[in-house]
C-alpha cells in the first residue's frame, strides 16, 4: 500500500485532524526529549478512543506497517522515537484522557493512557486519595508511557514503582485484538499474570490504552528537609537510621551531588541554595503521616537535630511552609532540565543494592577521572531504592557534542562496575534504542532468548515499536 493510499484510509477512519502528515506538524513527535534521536515517519496518528486504536492497529498490521506508540514523549532512551527509515507510523495517545472510574472503597482508579500523570494525581486527590507515582515530568508525561517504561520516581521507597501500582490493563495487541484485563483485584491466581508482559515492555508487545491503578489514603501531614552530608556512605547510613526511626513514614530519600545542585542554581531561574556553605552531597528527605494530630515536621526536626549534634549531618533545614518545601523539590526536579541547557550528556540510569552505593560511586568516580581527565560527574537519584542517575559531561557546554561520541567507552566503565555489584544498567528509564545493544553484555543468553520468544509469540511480524529493547 503506497503512502498516499494509506494516509487517505487513515483519514477516513480517524478524521482529517487526527492524521498529521506534513513535516512541520510531525516534527515534535519525531525527536526525543533529550534531542539525541530524530526519526521520520509516514504520519502521526492521534486516535481518540480505544476503539480507534484497535481499528488503526488492525489496518496497519494487515499492511505490514511498523507502529511506534508514543505518550508524552518525555523518555530518555529514545523508546518512543521512530527510526530513520520513514516506514513507521507514530501512534500518539494523548487524546485518550478519560478517567473511567474511581472506586474509593477499593482504592482504585481506572484511567486511559493519554492522561498525564498529574491528571491522575489530581483525580485521585479529588476523591481524597493518593496516587503516589511522582516524577519531574509529571505535568507532561502520560500514564501509558509510565506503564510502558515501568517508571519509578521519588516515592518508590514507600509505594513501589509503576509495576507495583498497577492492578489491570487494557492492551491492543500487535494484530489489533483487544485484551481487556481491567480488573481491580489484588488477588487473582488464575494462571499467568499477563499484565506484567506489557509493563516495562516499552510498547514492543502491544499498546496500553487504559489501566486500573492502586490508590492510597492521603497523608494527613508531610515534612520535607534538605540536608548536607560529607559522603555517600554517611547518606546511606542515615537512611538506615531514619527508616528504623520512622518506618514507612519516610516516603522519599533523594541524593544530590554538588555538581547537580550547582547546575540547577546556574541554569534554572529563581532558584537559590537551601543551606549556607557548600557540601559534597545533599539529601532531600520527605516524611508523611497518615494519622491525624501527629506533628511529623517536629519529629523530623528532632531527629535531624540529633544527627547534627552527633556530627553525622553537617547542616539541615526543615521546610517551614509549603512554598519552601516546593522550593526544595524544585531543586531536585530540575536537575535534568539544568543539564539539558548545557547540551547532551552521557546518561546512566543504574541500580545497585543500597548497601553498595558508596562502593559504586567511589569506583566509578575514580575510574572515570582516569579515563576522562576533567570530566564532570553529575550524580543524583533515589538512594532509598538504590537507583542513581550518574551522568557525565564536560564543564564547557560546547564540548559535549564531541564528548558524546565517547559513550561506549564510558558505558563500559560504568556498566561493568554496576554488573560486578549485582546491579542493573537500567533502573527506571528502560532500554529504548539507547541500550538495546548494551544489554546483550549483561543479560544471559537464556534470558535474552526468553525475551525474544515472548516478542515472537506476540508480535511475529515485528511491527510493534521495532528496534526498541531487542
Requested in this report: Report yes if residue 377 is part of a helix (DSSP H, G or I) and in contact with a helix residue (DSSP H, G or I) (Cβ under 8 Å, 6 or more places away or on another chain), otherwise no.
Outcome: no
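Does residue 411 meet the test of being under 24 Å from the mean Cα position of the chain (by Cα) and assigned to a strand (DSSP E or B)?
On the way: under 24 Å from the mean Cα position of the chain (by Cα): yes; assigned to a strand (DSSP E or B): no.
So residue 411 fails the test.
If you scan segment 344-355, which residues turn out to be in contact (Cβ under 8 Å) with a residue 60 or more places away in the chain and closer than 28 Å to residue 137 by Cα? Break it down into steps so the answer makes sense when it comes.
Restricting attention to segment 344-355, the residues satisfying the condition of being in contact (Cβ under 8 Å) with a residue 60 or more places away in the chain are 344, 346-355.
Scanning segment 344-355 gives 344, 346, 347, 348, 349, 350, 351, 352, 353, 354.
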Report task. Run down 210, 201, 233 and say which single residue is in contact (Cβ under 8 Å) with a residue 40 or more places away in the chain and within 30 Å of residue 273 (Cβ to Cβ). Result -> 233
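Could you check, for segment 396-406, whether at least one of its residues is assigned to a helix (DSSP H, G or I) and either touching a helix residue (DSSP H, G or I) at 6+ places or on another chain (Cβ under 6 Å) or closer than 25 Å to residue 229 by Cβ (or both)?
Narrowing segment 396-406 to residues assigned to a helix (DSSP H, G or I): 397-406.
Now narrow it down to the ones that are either touching a helix residue (DSSP H, G or I) at 6+ places or on another chain (Cβ under 6 Å) or closer than 25 Å to residue 229 by Cβ (or both): none.
The answer is no, given that none of the residues of segment 396-406 is assigned to a helix (DSSP H, G or I) and either touching a helix residue (DSSP H, G or I) at 6+ places or on another chain (Cβ under 6 Å) or closer than 25 Å to residue 229 by Cβ (or both).
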Requested in this report: Check whether at least one residue in segment 273-289 is crowded, with 17+ Cβ neighbours inside 10 Å, under 29 Å from the mean Cα position of the chain (by Cα) and part of a helix (DSSP H, G or I), and report yes or no.
Outcome: no
Requested in this report: Say whether the condition of being under 30 Å from residue 158 (Cβ atoms), surrounded by 19 or more Cβ atoms within 10 Å (Cβ to Cβ) and in contact with a strand residue (DSSP E or B) (Cβ under 6 Å, 6 or more places away or on another chain) is met by at least one residue in segment 411-418.
Outcome: yes
Query - Output for segment 86-123, where each listed residue is in contact with a strand residue (DSSP E or B) (Cβ under 8 Å, 6 or more places away or on another chain), at negative phi and assigned to a loop (DSSP other than H, G, I, E, B) - result: 88, 93, 94, 96, 97, 98, 104, 113, 114, 115
Report task. Please find, within segment 22-49, the residue that is farthest from the chain's Cα centre (by Cα) out of those that are surrounded by fewer than 17 Cβ atoms within 10 Å (Cβ to Cβ) and in a loop (DSSP other than H, G, I, E, B). Result -> 22
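Identify, from the list 359, 337, the residue that is modelled with pLDDT under 95 and either assigned to a helix (DSSP H, G or I) or in contact with a strand residue (DSSP E or B) (Cβ under 7 Å, 6 or more places away or on another chain) (or both). Talk me through it step by step, then tell me what you get.
Details: 359 fails: modelled with pLDDT under 95.
Of the residues listed, the single one that is modelled with pLDDT under 95 and either assigned to a helix (DSSP H, G or I) or in contact with a strand residue (DSSP E or B) (Cβ under 7 Å, 6 or more places away or on another chain) (or both) is 337.
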**Report entry** Which listed residue, of 118, 100, 129, 95, is under 17 Å from residue 146 (Cα atoms), out of contact with any helix residue (DSSP H, G or I) (no Cβ under 8 Å at 6 or more places or on another chain), modelled with pLDDT of 95 or more and surrounded by fewer than 24 Cβ atoms within 10 Å (Cβ to Cβ)
**Finding:** 118
Query - Answer from 359, 333, 306 - the residue that is without any contact (Cβ under 8 Å) to a residue 60 or more places away in the chain and either surrounded by fewer than 23 Cβ atoms within 10 Å (Cβ to Cβ) or touching a helix residue (DSSP H, G or I) at 6+ places or on another chain (Cβ under 9 Å) (or both) - result: 306
Report task. Among the residues of segment 362-374, write down those that are buried (at least 18 other Cβ atoms within 10 Å of the Cβ) and either assigned by TED's automatic domain parsing to the domain that holds residue 257 or part of a loop (DSSP other than H, G, I, E, B) (or both). Result -> 372
Query raised in the report: How many of the residues making up segment 90-128 are without any contact (Cβ under 8 Å) to a residue 60 or more places away in the chain and closer than 27 Å to residue 5 by Cβ?
Result: 1
Report task. Go over the candidates 139, 144 one by one and state the one that is farther than 18 Å from residue 216 by Cα and over 12 Å from the mean Cα position of the chain (by Cα). Result -> 139
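The values are calculated or read from the model by the stated rules, or taken from the named source; none is laboratory data. All figures in this text were calculated on a predicted structure; none of them were measured in a lab. When we count neighbours, we look across all protein chains shown, and the Cβ atoms used for this are built from the backbone with ideal geometry, even at glycine.
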